[in-house]
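The values are calculated or read from the model by the stated rules, or taken from the named source; none is laboratory data. Just so we're clear, the structure is a prediction, and the values are computed from it rather than from any experiment. Note that we place each Cβ from the backbone using ideal geometry, even for glycine, and neighbour counts take in every protein chain shown. Remember, those area values only see protein heavy atoms, side chains included, never the ligands or the DNA or RNA. Shrake-Rupley method; radii C 1.70, N 1.55, O 1.52, S 1.80 Å.
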Amino acid sequence: MSSSCDKATWLSYLTYGWINPLVETGVERQVDLADTPDLAEIDDTAANAHRLSVNLEVQERAGKTHPLLRAVVATYWYPLMFLQAFRIIEWSLALMNPLLLQRVLVFQEAQNDDKLLLTSEEVSSGMTAVSAMIFLGLFSIFFGSQLAFFQTRISLRLGSALRGSVLERGLKVRACQEHTGAVGQGEPGSQQEAPSVYNVISFDVGPNIDIIWILLGLWIFPFQVISVLLLLFHQVKYAVVPGLVVILVAKTISGVLLVYDGFLRNTQMQAKDRRMGLCDEGFTHVRTLQMLAWTQPFMDNVLVARSAELRAMRNRLWMQKMVAASDYSLSAIVTLVTLGYYVLHDGGALKASVALPVIALVNSLVGPF
C-alpha cells in the first residue's frame, strides 16, 4: 500500500513520488481500496468535522451573523492564509513574465540594430533575462501544480468537515427526538430528518465551499488589479485609462444582461410550469377531451404556453451568448484601445518590446474581472 503524503519526504511530496506505488499497481492490475494510501492525519474527516462543529456552536452561541462562514474561517484560517499568500506569489510570478519578456525583446532589438554595438554588460543582461524567463516558466508550472494540489486538499477538508457537521447534527436531532419520544408522531423534522440531511449533504455543501473561494478571490482582487495597473502605467502611462474604462463599461453591460437573464429565467420557469400543468391536465382528462372534441383547443393552449417558454429560452440564450462574446473579445478590444491611444494620442513608438508586454499585462488585467 502507498504511504500517505504526510509520511513522505519533502522531495517525494514535491515531485508526487509518494503516489508512484499506486500508479505502478494500477499498471499491473485493478486497484483495490486496500491499495490506496491512507488520508493524511490533517485530512481526517472525523477530526475536521468535530473541529468545525465546535467552532460553529461557539459562533451560534455568540449570536454572530453568518456563523457557518465564521466557523470555517476560525477552523481553517491557517491553511487559508497560506493559500492566499501562495496565490499572491503566483500572481507576482505571472507579472514577472512580461517584464522579463520586455528585457529579452530589448536585447533582441539591440542585436538587430547593426549600428549599435552591444557591450559585454548588455549581452550579460540579455542572456540573464533569457535564462530567468526559462527558469520562471518551469518554476511556474511546478509551483502552480503544487498550489492546485494544496487547494484541492483544503477543499477536501472543507467538504468533509461540512458533511460531517451536517450528519452529526442530524444524528443529534434524531437522538433527541428518540429520547423525547417525538419520532413518528408527525412533528416537523421527525420523519423528514433523513431526507433533509441527505439534501443538505448532496446539494448545499458544494455551493458553500464555492462561496468561500469567491470571498477569498474578492479579498485578493484589489491587489491583482492595482499591481497590473501600476505596471501598465509604467509601460504606456495614461493610455491605461481608456482600456480600464472599456473594461468597466463592458463588465457593466454584462452585469445588466446577467440580471435580465435572471428575470427571464423566472419567466421561463413560469411558462414551463403552465405547460407542464396543461400537459398533466390533458393526460388526466384525455377521454373527456376526446369525447367533447376539445382536443384541438386544448392543444392550442399547450402550444401557446410552449411558445412563451421557447421565447424566454431564446432571449436567455441571447443574453448568455452576448456575455460570453464580450468576455471572449474583451482582451483584444482593450489591447487595441490601449495601444491605439498610446500611439495616436501620446505619440509612442509601437515596438515589440512595448506591444507584447502590454498585451500580456492587459490579459492579466482582464482576468480578475
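From the P(r) of region 70-176, could you give the percentage of C-alpha pairs in the tail past 25 Å?
Working: 2900 of 5671 pairs.
Summing the P(r) tail past 25 Å for region 70-176 gives 51 percent.
Would you please give the FRET efficiency between Ser120 and Ala349, computed as 1/(1 + (r/R0)^6) with r the Cβ-Cβ distance and R0 = 35 Å, to the nearest 0.05?
E(calc), rounded to 0.05, equals 0.80.
On a C-alpha basis, how far is the centre of region 311-369 from the centre of region 70-138 in Å? Whole number, if you could?
A separation of 23 Å, based on Cα centres.
Using alpha carbons only, how many degrees (0 to 90, rounded to 10) separate the axis of helix 120-180 from the longest principal axis of the chain?
20 degrees
Let me check against my output: what whole-number percent is the relative contact order of region 228-369, with C-alpha pairs under 8 Å and at least 6 apart?
Working: 98 pairs, mean separation 60.9, N = 142.
Reported relative contact order: 43 percent.
What aspartates and glutamates does Lys172 reach when the alpha-carbon gap must be under 15 Å and sequence neighbours fewer than 8 apart in one chain are set aside?
Glu57, Glu193
Which of the lysines could a cross-linker span from Lys321 if the Cα-Cα distance has to be under 25 Å and same-chain partners fewer than 8 positions apart are dropped?
In chain and number order, the partners are Lys251, Lys272.
Report which label in (1) 35, 21, 20; (2) 51, 37, 21; (3) 44, 29, 20 holds the value of semi-axes √(5λ) of the Cα gyration tensor in Å derived from the coordinates of this structure.
(2)
Tell me the carbon and sulfur percent of the accessible area for region 272-346, rounded to whole percent, probe radius 1.4 Å.
On the way: 3400 of 5360 Å².
Ligands and nucleic acids excluded, carbon and sulfur give 63 percent.
Under 25 °C and 0.890 mPa s, how fast does region 258-356 diffuse according to Stokes-Einstein, given a Kirkwood radius computed over C-alpha pairs? Answer in µm²/s, whole number.
Details: Rh = 17.8 Å.
Rounded to a whole number, D works out at 138 µm²/s.
Could you check the simple spin-label distance between Leu22 and Ile209, using points 7 Å along Cα→Cβ, in nm with one decimal?
Going from the Leu22 label point to the Ile209 one covers 1.6 nm.
Could you grab the relative contact order for region 49-143? Cα pairs under 8 Å, six or more apart, rounded to a whole percent.
24 percent
Give me the angle, in degrees from 0 to 90, between the Cα long axis of helix 205-236 and the longest principal axis of the Cα atoms of the chain, rounded to the nearest 10.
20 degrees
Report the calculated FRET efficiency for His234 and Val256 (r = Cβ-Cβ distance, R0 = 35 Å), to the nearest 0.05.
Numbers: r = 33 Å, r/R0 = 0.95.
Approximately 0.55, to the nearest 0.05.
Quote to one decimal, in nm, the extra length available between Gln270 and Met291 on full extension: 0.36 nm per residue of separation minus the C-alpha distance between them.
Separation in residues times 0.36 nm, less the Cα-Cα distance, equals 4.6 nm.
On C-alpha positions alone, give me the angle between the axis of helix 352-366 and the longest principal axis of the chain, in degrees, nearest 10.
For helix 352-366, the angle is close to 20 degrees.
Please compute the modelled spin-label separation between Thr15 and Ala324, points set 7 Å along Cα→Cβ, answer in nm with one decimal.
4.3 nm
May I ask you to list the lysines whose Cα is less than 18 Å away from that of Lys351, ignoring any residue fewer than eight positions away on the same chain?
Lys351 reaches Lys115, Lys237.
Pick out, from Gln296, Phe149, Ser165, the residue whose Cα sits farthest towards the positive end of the charge dipole of the chain, with +1 on the Cβ of Lys and Arg and -1 on the Cβ of Asp and Glu.
Looking along the dipole axis, the top candidate is Gln296.
Take every Cα pair under 8 Å in the chain that's 6+ residues apart, average their separations, divide by the length, and report that relative contact order as a whole percent.
18 percent
Out of the total accessible area of region 1-115 (probe 1.4 Å, heavy atoms of protein only), what percent is carbon and sulfur?
With neighbouring chains kept in place, the figure for region 1-115 is 60 percent.
Give me the log10 of I(q) over I(0) for region 28-120 at q = 0.17 Å⁻¹, as the Debye formula computes it from C-alpha points; what are the numbers?
Cα-only, vacuum Debye calculation for region 28-120: -0.91.
Averaged per residue, what accessible surface does the chain expose to a 1.4 Å probe, in Å²? Write out the running numbers ahead of the final one.
Values: 22940 Å² over 369 residues.
Roughly 62 Å² per residue, with all protein chains present.
Decide, for region 204-329, between rounded, prolate and oblate: order the square roots of the alpha carbon gyration tensor eigenvalues as a ≥ b ≥ c, take rounded if a/c falls under 1.5, and otherwise choose prolate if a/b is larger than b/c, else oblate.
prolate
Taking only Cα atoms and a 10 Å spring cutoff, compute GNM fluctuations for the chain and point out the largest among Trp318, Trp213, Trp91.
Per the Cα network of the chain with a 10 Å cutoff, Trp318 tops the list.
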